[in-house]
Amino acid sequence: MATVELTTENFEQTVTKDGIVLVDFWAEWCGPCKRFAPIFEQSSDDKPEITHAKVDTEDQQALGAQFGITAIPTLMAFRDGIMVYNQAGALAGPDLQNLVKAVEDLDMDKVRADVAAQQSEEQHSH
C-alpha cells in the first residue's frame, strides 16, 4: 500500500480513525528523511493494514507548528486516534518493525485509562 500525503485538510480525519496510523514528518532537503523514505515505504508494503502517512513540513508548515516539530524526520504513531509515539530521528528497518510491533501490542484499554487520568489531573490543576 502506498503512503498517504497528509495536509491540514485530511490530517485529523486520518489520525483519529480506528487502527494504527504512522506519520512521517519530512522535508525534501533533509538527508536523513530521504534515507528513511524507502524504509517507511517498505513498511507500508509489509503492513498494508496500517496507514502510513507523510507530512511535507515545507508544504504543511501549520501541521509542523501544531505538533512542535523541531527536528525531522519525526515519526508519530497513532492508535485508535491516540498518539502513542512521537520521536525525532530516522529509524532503521528493524527498529521501525519493532515500533510497529510495540504499537500493535499495546493494551489500548490501559492507554485510554492513562489518557483519561492525565486529562482529569490537568483539569484539577487549573
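Just so it is clear, none of the values below were taken in a lab; they were calculated from the coordinates. Just so we're clear, the structure is a prediction, and the values are computed from it rather than from any experiment. As a convention, Cβ positions derive from the backbone with ideal geometry for all residues, glycine included, and neighbour counts pool all protein chains shown.
Here are the numbers:
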item	result
Considering residues of the stretch 18-52 that are surrounded by fewer than 22 Cβ atoms within 10 Å (Cβ to Cβ) and aliphatic (A, V, I, L, M) only, the residue nearest to the chain's Cα centre (by Cα)	20
The stretch 2-20, subset in a loop (DSSP other than H, G, I, E, B) and hydrophobic (A, V, I, L, M, F, W, C), residue farthest from residue 47 (Cα to Cα)	6
Residue in the stretch 76-85 that is over 11 Å from the mean Cα position of the chain (by Cα) and of a type in the set (A, V, I, L, M) present	no
Residue among 71, 90 that alone is out of contact with any Lys or Arg (no Cβ under 7 Å at 6 or more places or on another chain) and either under 20 Å from residue 2 (Cα atoms) or surrounded by fewer than 21 Cβ atoms within 10 Å (Cβ to Cβ) (or both)	71
Candidates 58, 9 - the one that is touching a residue at least 12 places away in the same chain (Cβ under 8 Å) and of a type in the set (Asp, Glu)	58
